[in-house]
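First comes the structure, then the notes that go with it.
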Amino acid sequence: MVDLDSEVPPLPPRYRFRDLLLGDQGWQNDDRVQVEFYVNENTFKERLKLFFIKNQRSSLRIRLFNFSLKLLSCMLYIVRVLLDNSNKNKGTWSSIIWVERSLPLWGLQVTVALISLLETILLSYLSYKGNIWEQILRIPFILEIINTVPFIITIFWPPLRDLFVPVFLNCWLAKHALENMINDLHRAIQRTQSAMFNQVLILISTLLCLIFTCICGIQHLERAGNNLTLFDSLYFCIVTFSTVGFGDVTPQIWQSKLLVVIMICVALVVLPIQFEQLAYLWMERQKSGGNYSRHRAQTEKHVVLCVSSLKIDLLMDFLNEFYAHPRLQDYYVVILCPTEMDVQVRRVLQIPMWSQRVIYLQGSALKDQDLLRAKMDDAEACFILSSRCEVDRTAADHQTILRAWAVKDFAPNCPLYVQILKPENKFHVKFADHVVCEEEFKYAMLALNCICPATSTLITLLVHTSRGQEGQQSPEQWQKMYGRCSGNEVYHIKMEESLFFAEYERKSFTYASFHAHKKFGVCLIGVKREDNKNILLNPGPRYIMSSTDTCFYIHVTKEENSAFKQHEQLEKLRKYKSSYHGPSRLPVHSIIASMGTVAIDLQDASCHSTSGANLTLPSEVSKEGRRPSIAPVLELADNANIQPCDLLSDQSEDETNPSDDECSDAKEYTKGYPPNSPYIGSSPTFCHLLPEKVPFCCLRLDKGCQHNYYEDAKAYGFKNKVIIVAAETAGNGLYNFIVPLRAYYRPKKELNPIILLLDNPLDDLLKCGVTFAANMVVVDKESTMSAEEDYMADAKTIVNVQTLFRLFSSLSIITELTHPANMRFMQFRAKDCYSLALSKLEKKERERGSNLAFMFRLPFAAGRVFSISMLDTLLYQSFVKDYMISITRLLLGLDTTPGSGFLCSMKITEDDLWIRTYGRLYQKLCSSSGDIPIGVYKTESQKLTTSESQISISVEEWEDTKEIKETSSNRNNHRNSTSSDQSDHPLLRRKSMQWARRLSRKVPRHSNKTAERISQQRMTLCRRSERQELAELVKNRMKHLGLSTAGYDEMNDHQNTLSYILINPSPDTRLELNDVVYLIRPDPLSYVPANASSRKSSFCNTTGQDSRDDTQL
C-alpha cells in the first residue's frame, strides 16, 4: 500500500494559487505540453466581432442604437427645414445648394454623422472577408458616406457649414437597420422567425421611405419654385401616389418634376415586387396554417388532432361528435397534418361555424417546431389517428407510434388518445391514456353479430351522440321508435348525488336496476367502487349498492339535463295506459319516460308484486287467460338460493339428460385459458379448448391428410351450422373473433364450427358449406383500401357480397365496409320503392344535421353491415366519457373483469309470450337470474315490398300456364270483391284478361298506379327467372363437386322483412314472437342464483326439455 501511495503524482502546480501568481519553474521542465484551443477567438478583432455581430443580445443593442441615430438625423433634418428661411434666394440655384443651418443644429448633425461614420467603418472592417470593393460598393455604405462625410468636412472648412446635405436619405438606412434588428430580435428571444411578419414590415417601411423621400425632395427642390412647406409636399405626394391628382399643388421647376418622375418609376418597380412576395407568403401561410399563439393557448382551451391525411368524412365525424357536448363549445381544435389542406376541407373550414373554432396547421408531429406551433404542451388533449386507407397497415401503425412517442417526449403531461390498427402494435403505445385498436373491436363485433344479431349496430348507436330526434317526421311507426331509442347513450353519476339511484342505497344491484327502469325509464348497467378502478357490468344480485359508487346507466340524456315532474295521483297513469293501441304504438307516458329532455314521471306508489316466490307459469292461470304474476325483485339476495358456479362443468349439459352422442361430444372440450397469446396486451379469456392440439395439416378443410380424408364441410358432419369468415389474410385480430365464439359461458352444444376462407370463388364457398352456414362474415380487404377514388375502396367487397346475396338469398351475410356512405349499396335493388323512400329519408335527416343519417338503411338497422370508421366516435367520446372504451371492451368481451357480466341474447318463443311487455320481462329476469336487459331486436314484415311482390301475374303468363293463372286469381281473391264471381266463370275471366292485355298495349288511359303495377309484375317475372337461373348454376356446380344439393334453398330470402333495434325501450313495449332481447348476464364464475341454469335453456332457445314448466318465462 505504501508503494501505491508513493506512485500517486502530486497536485499539478497550476492548481495552486501561489503558482498561478508566481509561476513554477519545474513546470517548464515537464515533458507535457499545454494546448490552448480556439486561440483565433482571442484576438481583438474576433472579440469585437463577437460583441457587434455574433452575440444576439449585444448585436441587437448595437442595431437598435444605429436605428435610433438614423431616426434622430431625419428628425434633425425636419427641424432644419422648419427653421429655414428660403425666401432670400428664391428662384436661383443657390437656394437649392445652400441652406440656413444654426450653429447648435450644425453641432448636433456633425456629432450624429461622426458617430454613424465610425460605426459604419467599424462594421465594414469586422465584415471584411478579403474583397474591399464588396464593402465599399454596398448601397448602405454609399448612402452613409453621402450623409456623413460632408458634415465631417465642414469641421475643417467652416464656409461649407450651410451646404445642403440630403440627410433625409437616412430613412433608407433606418429601414435597413430595422430589418436587421428584427432578425436579431427573433434570435435573441429564440423564436421562429416569421417570414410573413418580416415581409409586411419591409413593405410598410419601403412605402414610408418612398413617401418621406419624395416629400423632402419636392420640398427642397421647390425652394427655387413655389417654396412649398412640408405639409404641402405631404399633401402633393399622397394625392399623387393615390392616383387621385387634384392638380391644386404641382411642381414648378424641372428638377422637382424630374424627381417626381423618378419616384413614380421607383414605386412602380419596387412596390409590385414587395406585394408579390407578400402574396406568395400569404398563400404559403394559408397552406401551412401559421401558428397558434401562446397567449391564446394559455387563455383558451384547445385540443390537437394529428392525422396523416385529413379527409372530409373524418373531419366532420370528429367535429360533430366533439362539439356535440355542451361543455366543449368553447374549445378550439388545432389540426396538425403533414399534407396540404384538401379542397373540400378548405371549403368546410371557411364556414363561420368552423372557421372560428378550427385551426389547420401543416406540419409533422415529429418536429418540435411544429408541435410548438400547435402549442402541444398547453393542449388539453391530443388525438392521434391512423390512416386506415393505407395498403400496408403495419406501416401506418409505425407512423402512429412515432407520432405518439414524439408528442409524449415533447409534452409529457398532455393526455393522449391513440388509434391503432393492428393489435400486435398496441403495446408500443401502452403509455397513452386511451387506446382503441381497430382490429380488436372489428373482429369482436363481427363475432358477437353471429351470436347476438346486430351487435355492431347496438354498439354504434351507443357511442354516437344523438338526441333521438331522427325519424320523428317519418310516417312509419318503426322509424319513429327506432330513431327515438337511438338517442340512448351511456352516462355516469355518483349514487349519492343522483335522484335516479340514491334511494336504492344498500339494496341489491338488480333491485336498483329494475326499479330505476320502472320508475324513471333508465337502465342501470354497471357500477364502480370508489376504491376500485375497474367497472363492473351487472355484478349480480349479491352486489350491494353503496352511496360512494359510480353508477353507469343508459338513457336519452344524463340526469343533470332531465326535468322531473311529480305525480301524486295514479289515475292519470291509468289514463295513459288506456291509450295503448297495438303492439307497435307507444302510450304517452312511455314517450315522456323515453324523452328525458322533456320530463320524467315520478310515481309515489312503490312497486308491489302480486305473486309469491314461485317463478313458474301456473297452468290454471294460463287457462283462465289472466295475466300471470311475476316474483318481485328482492332488495337483498337470498343467500340460501346462491351457490357457487362450477368452473369445469357446463350448465347447458346439466339442464337435460344428454344422449350418448352429446356426452361424447362434450368430452371433446375442456375449459381453460388459451396456452398461447397471439400478441402482447391481449386479455386472457376463459373459454372452451380442445384437450390436445390439432396438427396443422388437419386445419386445411379442402385437403385431406393422414389423420382424416375430409375435403368439404359436409363430410365433417358438423352438428351445428358453420360460421364462415372471408378475409384476405389470417391476422392476429382473428383471435378476437374466435374467443367470443368459444367463451366459457356458451353451452358446448351451441358452439359453431368456424371456417376461415382466404379466397372466395364459388367452388370454395360450396366446399365450406355455405348452403348450411349460420352466418358468413365478410371482412374488408386491406389491398382495396387505397383506391384512386376514396369511396371506391369498398367496390370489390360490395360487388362480391351482392353476388353472394343473389346466389344464396337465405344466407345471413355480415359485411364490413371502409366508408359508411357505401352502406346504401348493400343488397342493392334499383327498382325497390321502399329503398328509394329510405334514401330520401336519409337525405332529409342529413339536412337536419343528424350524425346518424345512415341509421335507417335496412342492412345497417338489421346489423348486416357496419363500418369500423363509425367507431372513431368512441375515441372522441372518451375525452368527455373516459369510461366508454372500458365499457365497450367489456360488452364485446375484449376485457374480462372478475365479477363483471357479459353481453348475450335470448329469443322470445311462443312459450315466452305470456310475459307480454318489456317491463315484465325486466322484472322476470331480475328476480330469477339477475340478467339486465338493455334492448330489443325486432323483426317486422316489410309491408310495401310485400304488397308489391304479391301482385298477380301478368296476362301473358296466365295464358301460358294454367297453374299460375289459378294461383293469381286466388291471390286476388281477398282484394277484389268481384274476383269470386270471375273464378266461377272461366270464360268471363278469360275475356277480362284479354281486355286488360289490349288496354296495356294501347295508349294508357289508366292511372299511374296501374302502370306501376304492371311494371312491377314484369319485374317480378324477371326476378323469378333470374333466381331460377342462379339456382341451376349453383346446383350444377355442387353436382360437379360431388356435393349434395339437398340443403340449397333457392327461394327463401329476407327481402320482405325489416329488422331494427330498440335500445332501452319503455317498460310497456310489447314483446312479439322472435324478438331478440339483449342481456347483460352476471359472471357465471361468481355466485349466481341457483335457478339461473334452469332458465338459460328457455332464453337461449334450446330444445329437448322435459320440464319446460320449470324454466319458462
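Has the range 340-353 got at least one residue that is touching a residue at least 60 places away in the same chain (Cβ under 8 Å) and hydrophobic (A, V, I, L, M, F, W, C)? No - not one qualifying residue is present in the range 340-353. May I ask you to say which residue of LEU163, LEU178, LEU169 is under 19 Å from SER102 (Cβ atoms), open to solvent by 30 Å² or more (accessible area, probe 1.4 Å) and touching a helix residue (DSSP H, G or I) at 6+ places or on another chain (Cβ under 8 Å)? The match here is LEU163. Just the residues that are aromatic (Phe, Trp, Tyr) and open to solvent by 100 Å² or more (accessible area, probe 1.4 Å), please, taken from the range 48-66. Passing the criteria: PHE51, PHE65. Looking across the range 762-779, the residues that are more than 32 Å from the chain's Cα centre (by Cα) and within 16 Å of ILE813 (Cα to Cα) come down to LEU762, LEU765, LEU766, CYS768, GLY769, VAL770, THR771, PHE772, ALA773, ALA774.
Across the range 499-513, the number of residues qualifying as assigned to a loop (DSSP other than H, G, I, E, B) and surrounded by fewer than 22 Cβ atoms within 10 Å (Cβ to Cβ) comes to 4.
Only one of these is surrounded by 15 or more Cβ atoms within 10 Å (Cβ to Cβ) and in a loop (DSSP other than H, G, I, E, B): LEU305, LEU371, LEU366, LEU281. Name it.
Only one candidate qualifies: LEU366.
Being surrounded by 18 or more Cβ atoms within 10 Å (Cβ to Cβ), farther than 28 Å from TYR791 by Cβ and not charged (D, E, K, R): is that true of ALA396 here? So ALA396 does not fit the description; no. The residue that is most open to solvent (accessible area, probe 1.4 Å), counting only those in the range 514-529 that are more than 14 Å from GLU560 (Cα to Cα) and under 31 Å from the mean Cα position of the chain (by Cα), is ARG529.
So, in the range 351-398, how many residues would count as being of a type in the set (Gly, Ala, Ser) and over 17 Å from the mean Cα position of the chain (by Cα)?
Step one: of the range 351-398, the residues of a type in the set (Gly, Ala, Ser) are 355, 363-365, 374, 379, 381, 386-387, 395-396.
Imposing the further condition that a residue be over 17 Å from the mean Cα position of the chain (by Cα) reduces the set to 355, 363-365, 374, 379, 395.
Number satisfying all stated conditions: 7.
The number of residues in the range 792-837 that are charged (D, E, K, R) and in a helix (DSSP H, G or I) comes to 4.
Here is a yes/no grid of residues against (1) more than 24 Å from LEU371 (Cα to Cα); (2) without any contact (Cβ under 8 Å) to a residue 12 or more places away in the chain; (3) open to solvent by 10 Å² or more (accessible area, probe 1.4 Å):
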residue: PRO415; (1), (2), (3): no, no, yes
residue: VAL429; (1), (2), (3): no, no, no
residue: ILE451; (1), (2), (3): yes, no, yes
residue: LEU458; (1), (2), (3): yes, no, no
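Only one of these is closer than 22 Å to LYS480 by Cα, touching a residue at least 12 places away in the same chain (Cβ under 8 Å) and not basic (Lys, Arg): MET855, MET826, MET776. Name it. Result: MET855 is the single residue among MET855, MET826, MET776 that is closer than 22 Å to LYS480 by Cα, touching a residue at least 12 places away in the same chain (Cβ under 8 Å) and not basic (Lys, Arg). Taking the range 466-507 as the range and being more than 24 Å from ARG1070 (Cα to Cα) and at pLDDT below 85 as the test, only SER466 passes.
Taking the criterion of being among the hydroxyl-bearing types (Ser, Thr, Tyr) and more than 19 Å from ARG467 (Cβ to Cβ), the residues of the range 815-870 that qualify are THR815, THR818, TYR834, SER835, SER839, SER867, SER869.
Applying the condition of being in a helix (DSSP H, G or I) and open to solvent by 50 Å² or more (accessible area, probe 1.4 Å) to the range 235-249 and asking which residue is modelled with the lowest pLDDT yields PHE241. Applying a threshold of 9 Å to beta carbon distances and a minimum spacing of six or more residues, or different chains, the list of pairs starting in the range 485-499 at a residue that is without any contact (Cβ under 8 Å) to a residue 40 or more places away in the chain and ending at one that is charged (D, E, K, R) reads GLU497/GLU559. If only residues of the range 108-138 that are among the small types (Gly, Ala, Ser) and loosely packed, with under 14 Cβ neighbours inside 10 Å are counted, the one that is farthest from LEU69 (Cα to Cα) is GLY130.
Wholly within the range 668-746, which strands (runs of 3 or more DSSP E) include no fewer than the required count, namely at least 3 residues that are modelled with pLDDT of 80 or more and over 18 Å from ASP764 (Cβ atoms)?
Here the list reads 670-672, 687-689.
Name the residue, out of THR548, THR510, THR557, that is farther than 30 Å from SER941 by Cβ and modelled with pLDDT under 90. Checking each option against the conditions leaves just THR557.
Being assigned to a helix (DSSP H, G or I), closer than 24 Å to VAL490 by Cα and open to solvent by 10 Å² or more (accessible area, probe 1.4 Å) is a description that applies to SER869. Checked against the criteria, LEU891 counts as open to solvent by 10 Å² or more (accessible area, probe 1.4 Å) and outside any loop (DSSP other than H, G, I, E, B).
The values are calculated or read from the model by the stated rules, or taken from the named source; none is laboratory data. Everything quoted here is computed from the prediction, not taken from an experiment. So basically every Cβ, Gly included, is an ideal-geometry build from the backbone, and we count neighbours across all protein chains shown. Just the protein is used for accessible areas: all its heavy atoms, side chains included, with ligands, DNA and RNA removed. Shrake-Rupley method; radii C 1.70, N 1.55, O 1.52, S 1.80 Å.
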